[in-house]
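For reference, the structure is listed below as structure tokens.
The values are calculated or read from the model by the stated rules, or taken from the named source; none is laboratory data. Predicted, not measured: the structure shown is a model, and the values here were computed from it. Reconstructed Cβ throughout: ideal geometry from the backbone, glycine too, with neighbour counts over all protein chains shown.
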Amino acid sequence: MPDSNYKLIQLEEVDSTNEYAKKLVVQEDNRGPYVIIADHQTRGKGRLGRLWESPRGMGLWMSIILKSGRSHEEMAWTNFMVSVTVCETLRELTRLPLELKWPNDILINGKKICGILMETVNKNREVFLIIGIGININQQNFPEPLDSTATSLFIETQTVWDRWIILAKIISRFDDNNANLSPEIITRWKSLSGMLGHRVTVVQGNHTFEAIATDIAKDGALVVERNGRTEKLYAGDVHILVN
Ligand code: BT5
């Protein structure tokens, strides 16, 4: 791992690297920063209790643990910074047209190649950030129903990629971006996203509606126009509608 002082924990199998990271924060006194990576997750987690398919050796299933010390706004910027970091790294390496979708998905031609799950843990009045990143790298196919919504670097390039090279590049860029965290990261995020200006379907629990995605606010909210009114969204799933 390049130039940083991250402690690497490599696991052959774990339920979820985020869950492992949370336990580590609670149990350990010497607290990192850490990078935890697993060959295989038996219960990889998405948002809202959803599962993240993590087949053995086929992707980067990882969590970064950082001491937070961040304001509410800085937490939102951190979320965008992680997506920007992964997107820029993979674009540079593969030249693929990767794009960002709010809140933190990375897509190629509308299919998901990376998901990010950021969680926090409190210990002794300190807040720790657990940044979970799942990147599909060498899968040749996906089980139904994911086959219509997910993709991997192998599927897009017909090339087998070295997970360790990708990990090293991500950590090095993450370190830089994290040290220079500012609201400018939202401008970078917007330049990597194809969703602004498009009609979207928003799903929030049982509630679904259509709107136009117009902007990202400084606090991380997705700004949409709906029936002539501007609204800020802080949670939900967004599907881009192709005209
Ligand atoms: C996410 O959730 O996209 C966050 C995924 C974070 C995974 C990483 S892996 C390392 C770390 N440890 C963990 O336990 N988690 C993190 P969400 O937006 O809720 O998307 C979940 C949905 O994506 C699922 O319901 C499926 O529809 C789909 N999905 C599941 N596995 C996938 C995969 N490998 N590739 C693409 N889509 C997938």
Number of positions in the stretch 163-211 that are over 30 Å from Glu231 (Cα atoms) and polar (S, T, N, Q): 1
Per-region count, the stretch 46-95, residues out of contact with any Phe, Trp or Tyr (no Cβ under 8 Å at 6 or more places or on another chain), among the aliphatic types (A, V, I, L, M) and within 15 Å of the ligand (Cβ to nearest atom): 7
Close pairs (6 angstrom Cβ cut-off, 6 or more residues apart or separate chains): under 13 Å from Lys218 (Cβ atoms) and among the acidic types (Asp, Glu) in the stretch 64-92, modelled with pLDDT of 95 or more and part of a helix (DSSP H, G or I) anywhere: none
Any hit, the stretch 17-29, residues being near the ligand (Cβ under 8 Å from one of its atoms), without any contact (Cβ under 8 Å) to a residue 40 or more places away in the chain and within 15 Å of Ile131 (Cα to Cα): yes
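Condition check ((1) assigned to a loop (DSSP other than H, G, I, E, B); (2) touching a strand residue (DSSP E or B) at 6+ places or on another chain (Cβ under 6 Å); (3) surrounded by fewer than 19 Cβ atoms within 10 Å (Cβ to Cβ); (4) at pLDDT 95 or above) across all residues:
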position	(1), (2), (3), (4)
Gln10	no, yes, yes, yes
Ala21	no, yes, no, yes
Gly32	yes, yes, no, no
Val35	no, yes, no, yes
Arg56	yes, yes, yes, yes
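Please work out which residue is surrounded by the most Cβ atoms within 10 Å (Cβ to Cβ), limiting yourself to the stretch 99-136 and to residues that are more than 10 Å from the ligand (Cβ to nearest atom), of a type outside the set (Lys, Arg) and part of a loop (DSSP other than H, G, I, E, B). Let's see the steps before the verdict.
Keep residues of the stretch 99-136 that are more than 10 Å from the ligand (Cβ to nearest atom), which gives 99-100, 102, 108-110, 120-129.
Imposing the further condition that a residue be of a type outside the set (Lys, Arg) reduces the set to 99-100, 102, 108-110, 120-122, 124, 126-129.
Right, trim to part of a loop (DSSP other than H, G, I, E, B) and you get 102, 109-110, 124.
Values: Trp102: 25, Asn109: 11, Gly110: 13, Asn124: 5.
Here the residue is Trp102.
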One residue from Asp176, Asp162, Asp147 being of a type outside the set (Val, Ile, Thr), surrounded by fewer than 18 Cβ atoms within 10 Å (Cβ to Cβ), under 18 Å from Gly115 (Cβ atoms) and free of Cβ contacts under 8 Å to residues at least 12 places away in the same chain: Asp147
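Say we look at the stretch 208-220 and pick out the residues that are touching a residue at least 60 places away in the same chain (Cβ under 8 Å) and either of a type in the set (Gly, Ala, Ser) or assigned to a strand (DSSP E or B) (or both); which of these is nearest to Lys111 (Cα to Cα)?
Ranking the qualifying residues of the stretch 208-220, first place goes to Ala213.
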